[in-house]
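**Q** My structure is below; once you've seen it, I'll send some questions.
Derivation of every value follows stated rules applied to the coordinates shown; laboratory data play no part. As the structure is a computational prediction, the values presented were derived from the model and not from experiment. So basically every Cβ, Gly included, is an ideal-geometry build from the backbone, and we count neighbours across all protein chains shown.
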Amino acid sequence: MLNTIIRFSLLQRLLVIAAALILSGYGLWTATKLPIDVFPDLDRPRVVIMSEAAGMAPEEVESQVTFPIETAVNGANGVQAVRSTSSTGLSVIYVEFEFGTNVFTARQIVNERLQMVSERLPKSVNPQLAPISSIMGQILVLGMWSKDEKLSPIELRTEADWIVRQRLLSIPGVAQVFTMGGGRKQFQVQIDQDALVKYGITIDEVRQAVESSNQNATGGYLNQRPNELLVRAIGRIQTIEDLKNIAVAHSSSRPVALSMIAEVVEAPQAKRGDAAAYVREANGNFTGGSAVVLTISKQPGADTRAITREIEKAIEEIQPSLSDGIRIEPLYAQEHFIDRAIENVLEALRDGGISD
């Protein structure tokens, strides 16, 4: 058999050379299209369950949220390990499945178990499945800040959440974008206890009035032949003035507005931490300060370098739509480690070829 191959190759030299060149060219072209990452994706299929429990201490989170969910998912088909962390107001549970399990099947199994345990959880707790991401998924960290602090933390965080984050999530291969820092805008109702006693109103009545007044409703259809009109009741709160004018109760045939028993202000949500960003300029000096930090995670199997280039392109596209003075710079990029690793391989090949 081997003699036959050698004889054919010697008799058909041009054909063999042409086939070798075609295969070599195809191999080089394929190599340029292969996804490159820092490490191989060797992690088992994993589903992450995140549950927010506002106001709960770690002990209550563990006993009332984490433990019931862990009990429900333990023993499910294909589950190999269950790990969890419980902190103030947050429970995170990692459910790992055996190798070869389809991640979408795993998520379906976990979701079915969550339906079984939902009645045992506190009413305010709503467990959610985190997006599918890789174990080395944090590929890029961006710092976003205002030059000379022209924008308030609330304005900066609002643009990060509703402009930058939404645009980055539309990029194929991006699993999630987490934002930290700045100020998340809230309409806060700061109740005056003396005013409540004066008008005989309870805090629960205030809560119910605010909740019921912040919604739209439908009234069906109105036939005005040949037209059919949709009847709507618009009640969503748009401004602070709308919130101040909500009628909480009646006193002596007079409505008691929310502004009469509370101070309504626009303020940032209470924070347990903050974020800052600093970058080195060409002259060697550092610039930056209080900022919003965006951490971008990728989907499993996605090309880190290709996604990073798409993110950089998207940032350039949305820059004109942001407020003046906003600067967005990368603080960490996994692409740099990949590029350096490729350079090391090329240098080793070069040195090895020369020495031979």
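**Q** What is the extension gain from Ser290 to Val265, computed as 0.36 nm multiplied by their sequence separation minus the C-alpha to C-alpha distance, in nm to one decimal? Mind showing how you got there, number by number?
**A** Working: separation 25, 0.36 × 25 = 9.00 nm, distance 2.30 nm.
Full extension from Ser290 to Val265 adds 6.7 nm.
**Q** May I ask you to list the residues of the range 83-106 whose amide nitrogen lies under 17 Å from a point 7 Å from Cα along the Cα→beta-carbon direction of Asn77?
**A** 96-106
**Q** Find, among the trypsin sites (Lys or Arg not before Pro) in the range 110-217, those assigned to loop by DSSP (not H, G, I, E, B) with at most 13 other beta-carbon atoms within 10 angstrom.
**A** Numbers: sites: Arg113, Arg120, Lys123, Lys147, Lys150, Arg157, Arg165, Arg167, Arg184, Lys185, Lys198, Arg207; in loops: Lys123, Lys150, Arg184.
Here the sparse-neighbourhood loop sites are Lys123, Lys150.
**Q** On a full-extension model of 0.36 nm per residue, what is the gain between Arg7 and Arg280, subtracting their alpha-carbon distance, rounded to one decimal in nm?
**A** Numbers: separation 273, 0.36 × 273 = 98.28 nm, distance 6.48 nm.
Gain on extension, Arg7 to Arg280, equals 91.8 nm.
**Q** Could you calculate the contour length gain from Arg225 to Tyr332, that is, 0.36 nm times the residue separation minus the distance between their Cα atoms, to one decimal place in nm? Let's see the in-between values first.
**A** Numbers: separation 107, 0.36 × 107 = 38.52 nm, distance 6.23 nm.
Length gained, Arg225 through Tyr332: 32.3 nm.
**Q** Which loop-located GluC sites (Glu not before Pro) does the range 183-284 contain, where loop means any DSSP state but H, G, I, E or B and the Cβ has at most 15 other Cβ atoms within 10 Å? Don't skip to the end; give the middle numbers.
**A** On the way: sites: Glu205, Glu211, Glu228, Glu241, Glu263, Glu266, Glu281; in loops: Glu281.
Sparse-neighbourhood loop GluC sites (Glu not before Pro): Glu281.
**Q** FRET efficiency for Arg309 and Gln166, Cβ-Cβ distance as r, R0 = 22 Å, nearest 0.05?
**A** Working: r = 20 Å, r/R0 = 0.89.
The pair Arg309/Gln166 has a calculated efficiency of 0.65.
**Q** List the lysines whose Cα lies under 20 Å from the Cα of Lys185, skipping any in the same chain that are fewer than 8 positions away.
**A** Hits, sequence-local ones excluded: Lys150, Lys244, Lys271.
**Q** Once the Cβ-Cβ distance between Glu347 and Leu34 is put in as r, and R0 is 30 Å, what FRET efficiency do you end up with, to the nearest 0.05?
**A** On the way: r = 20 Å, r/R0 = 0.66.
Efficiency computed from Cβ-Cβ geometry: 0.90.
**Q** Okay, next question. Taking amide H positions as placed 1.01 Å from N in the peptide plane, with prolines and chain starts having none, which residues 5 or more places from Ala175, or on another chain, fall under 5 Å of its amide H?
**A** When sequence neighbours closer than 5 places are left aside, the close amide H contacts are Ser297, Lys298, Gln299.
**Q** In the range 245-270, which residues have a backbone nitrogen under 20 Å from the label point lying 7 Å from Thr202's Cα in the Cα-to-Cβ direction?
**A** Those under the cut-off are 247-252, 256-258, 261-262.
**Q** Out of the chymotrypsin sites (Phe, Trp or Tyr not before Pro) in the range 73-160, which ones are loop residues according to DSSP with at most 16 other C-beta atoms within 10 Å?
**A** Answer by residue number: Phe99.
**Q** I've got another one for you. Determine, from the Cβ-Cβ distance of Glu241 and Asn102 and an R0 of 45 Å, the FRET efficiency 1/(1 + (r/R0)^6), rounded to the nearest 0.05.
**A** On the way: r = 52 Å, r/R0 = 1.16.
Step by step, r from the Cβ atoms, then E = 0.30.
**Q** In degrees between 0 and 90, to the nearest 10, how far off the longest principal axis of the chain does helix 13-33 point, with axes built from Cα atoms?
**A** Here the helix axis deviates by roughly 20 degrees.
**Q** Cα to Cα, under 29 Å, and not fewer than 8 places away if on the same chain: which lysines meet these conditions relative to Lys33?
**A** Here the lysines satisfying the reach criterion relative to Lys33 are Lys298, Lys313.
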